[in-house]
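FYI, it's all coordinate maths here, none of it is from the lab. Note that the coordinates shown come from a computational prediction; the quantities given were computed from them, not determined experimentally. Cβ placement follows ideal geometry from the backbone for every residue including glycine, while neighbour counts extend to all protein chains displayed.
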Amino acid sequence: MSLVCSAGFPDTVNAAEADLTAPEVEVLGTYETGVGTSDSASEGRVTARRVETRPALRPGEVLEYIPGVIISQHSGDGKANQYYLRGFNLDHGTDISINVAGMPVNMPTHAHGQGYADLNFLIPELVSGIDYRKGPYYAEVGDFSAAGAAYIEYANSLPYTIGSVTLGEHDYKRGLLAGSPSLAGGTLLYGIEMVGQNGPWDNPEKFGKINTVLRYSRGDKADGFNVTGMAYSAHWDSTDQIPQRAVNSGLIDRFGAIDPTDGGASSRYSLSYEQHHDFGGGRAMIDAYAIRSNLTLYSNFTFFLDDPVNGDQFEQHESRTVLGMHPRVEFYNKLAGLDNIFKVGLQVRRDDIDPVALYHTVAQAIIGTTREDTVTETSVGVYVEDTLHVTEKFRTIVGVRGDQYNFDVNSNIPQNSGKADASIVSPKLSLIFGPWAKTEYFINYGYGFHSNDARGTTITVDPSDGVTPAQKVDPLVRSKGAEVGVRTEVIPHVESSLALWQLRLDSELLFTGDAGTTEPSRPSKRTGVEWTNHYKPYSWLLVDFDFSASKARFTDTDPVGNFIPGSLDKVLSLGLTVDSIGPWFGMLQYRYFGPRPLIEDDSVRSQSTQITNLRVGYKIDPKWRVHMDVYNLFDRKDSDVDYFYASQLKGEAAPVDDIHFHPVEPRTLRFTLTGYF
């Protein structure tokens, strides 16, 4: 009997293992598919070819190939995206774990929100694949993964040297040069990207970024390593969400700004090391990384509510150093005569943040300090997982992870300084049945968690006045999920999966509009269904259809209501990809996410958002091709995000409760010329 394992996460069995090979994976268009290659109905892998074909307005939109994921924005292009998945508005990453090239992207105790995950340093042309899993069922995934997890891998080598130039409306320009020459018995991968644009905003964005990757690798799938350096820097002026009443009155238009001095700057520098080695009866792997990041962000969400004279602009600032490693080992053996895979791993991470601060500003000039802290946060996670093939048609996966967190906060307000620690144990269980008639069945159950901001674990007084008592938060918040699903290929040329899921959180993390950050809230429960389909009727055509529906509610009793603000209930995506009709290629992508409650009693709701993007390309010859991307093809006047809270405009006598929205960008054209050498 051969062992069947997850097809694509970092800890999967290598096909080179004798007698322990997974079933052959069919590449259906540009997805890796195949019954018998995953541990749940909501797990999968997106190939590099699929990433290449999609018109993406922002780098983070590569995650929209994960069924049910929506990416949007509520500020400048240098800021982390908004993420939506499984009935969550995940803000900038509260409960979706993202990893790039073996390094975590989510940042705990962040100046602008817990779990902040900025993907603007990503270069899509270097992506070799995206592995995703949803729910807290996987032992190797820890913090921020209650809704799901995505592992974005970079290639060690490219088949060609790539040179690309893109020009578009709103002064958009992008240049890319990437290649992978041989060097000293290995391969040197490089990528250099430069981007600039003003956007459609009345207050020009003046966005600019430079992004570089340098990776040296040697070896093969059985034994090898790589060392990767990345450097990213960006700056921008931002148009944040605006009040609906300001547009209705004619004070500004949809692309106007109340405070034109909002903006920011961000940088990220990293060095990472990955190594894998097959040995008799097993495989050993390690990731190690060092990250240095900085963010300075100026925002004004309430305008003149708190300070009628100077305004409410604030600066969120942080400088951070992250050190971490993830060694793990797999053993392929027999247990009571049954094929077995045993995994054990260690995840260690230390964040030194000096400072993480909040200042009161006017036109980006500091006029007061709300709080300024130095934080050290250390986490250690240990996990074990065992996959046992009980019969040819039934396997079990039993796992458990334990996590220990230590927080050390040194605040400019002495009463808010202190230390805290917490630990949590998260068991996991999966049962996989089949396949029968090209159909496999899954039952998944597990516990997970997300961490809270370290400053909340030691707080005693409100930093805005230094007097009002403040309540501490739980350092680690439990999540509990369950899922039943099916994956089938019984219909020729079609792969379809269906998952019914439930997820409970002991405390919801919600975006607070007047504070510009996420805060712990009430316990919650979500239930939902996901239906994913890939259909390849012809060699040149791939049809994708994904549908997700969910119900999200607070579970405690509160007279304000039990709807979760920002939680989306329906997501639909339809894609048509033409791989090649002679020299022509292209893609049409439609995505819909439905109305969301904006307040707990559901008395105020957003509108739905519908976006259609188009790519049309032509291969001039084997070395040159050109394509046109059209974003928001039908020029819809929808919102990327909506919030409901109180703000006060200049001249208003009192605060006004209102919808605040960030519009989707209007129909936008970009043209790209690419050469392959």
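Inter-part distance, region 114-185 to region 519-585, computed on C-alpha centroids, equals 22 Å.
Are there any GluC sites (Glu not before Pro) in region 313-403 that are in a DSSP loop and have at most 12 other Cβ atoms within 10 Å? List them by number.
Details: sites: Glu315, Glu318, Glu330, Glu372, Glu377, Glu385, Glu392; in loops: Glu392.
Passing sites in region 313-403 are Glu392.
Straight-line cross-link partners of Lys480 among the lysines, defined as a Cα under 20 Å from its Cα and at least 8 positions apart when in the same chain: Lys134, Lys428, Lys525, Lys551.
If we count other beta carbons within 10 Å of each Cβ, what is the order of Trp540, Trp436, fewest first? Can you show the working numbers first?
Working: Trp540 15, Trp436 12.
Result, fewest neighbours first: Trp436, Trp540.
Can you give the alpha-carbon Rg of region 429-489 over 2.2 N^0.38 Å, where N counts its residues? Walk me through the numbers before you get to the answer.
Numbers: Rg = 21.7 Å, N = 61, 2.2 N^0.38 = 10.5 Å.
Normalised Cα radius of gyration, region 429-489: 2.06.
Taking 18 Å as the straight-line reach from the Cα of Lys393, the lysines in range (excluding those fewer than 8 positions away in the same chain) are Lys334, Lys438. Centre-to-centre, using Cα atoms only, region 317-343 and region 273-290 are separated by 9 Å.
Look at Arg174, Arg50 and count the other Cβ atoms within 10 Å of each Cβ; fewest to most, that gives Arg174, Arg50.
Derived scalar couplings between HN and Hα for region 271-281 equal 9, 9, 9, 10, 9, 9, 8, 8, 10, x, x Hz in order, rounded to whole Hz, by the Karplus curve 6.51 cos²θ - 1.76 cosθ + 1.60 (θ = phi - 60°), x for Gly and Pro.
Just to confirm a number: summing +1 for Lys and Arg and -1 for Asp and Glu over residues other than Thr577 whose beta-carbon lies under 12 angstrom from that of Thr577, what do you get? Intermediate results must be reported in sequence, preceding the final value.
Numbers: positive: Arg49, Arg50, Arg54, Lys536, Arg615; negative: Glu52, Asp544, Asp579.
Result for the local shell: +2.
For region 642-655, the Karplus equation 6.51 cos²θ - 1.76 cosθ + 1.60, evaluated at θ = phi - 60°, returns couplings of 10, 10, 10, 6, 8, 8, 9, 8, 4, x, 7, 7, 8, x Hz by residue, with Gly and Pro reported as x. Residue exposure proxy: Tyr447, Tyr298, Tyr618, ordered by other Cβ atoms within 10 angstrom of their Cβ from fewest to most, comes out as Tyr618, Tyr447, Tyr298. Under 12 Å from the Cβ of Val380, count the other residues' Cβ atoms, weight Lys and Arg +1, Asp and Glu -1, and hand me the total. Summing Lys and Arg as +1 and Asp and Glu as -1 gives -1. Here region 398-416 and region 354-373 have alpha carbon centers that stand 24 Å from each other.
Among residues other than Ser267 with Cβ under 10 Å from its Cβ, the summed charge is +3 (Lys and Arg +1, Asp and Glu -1).
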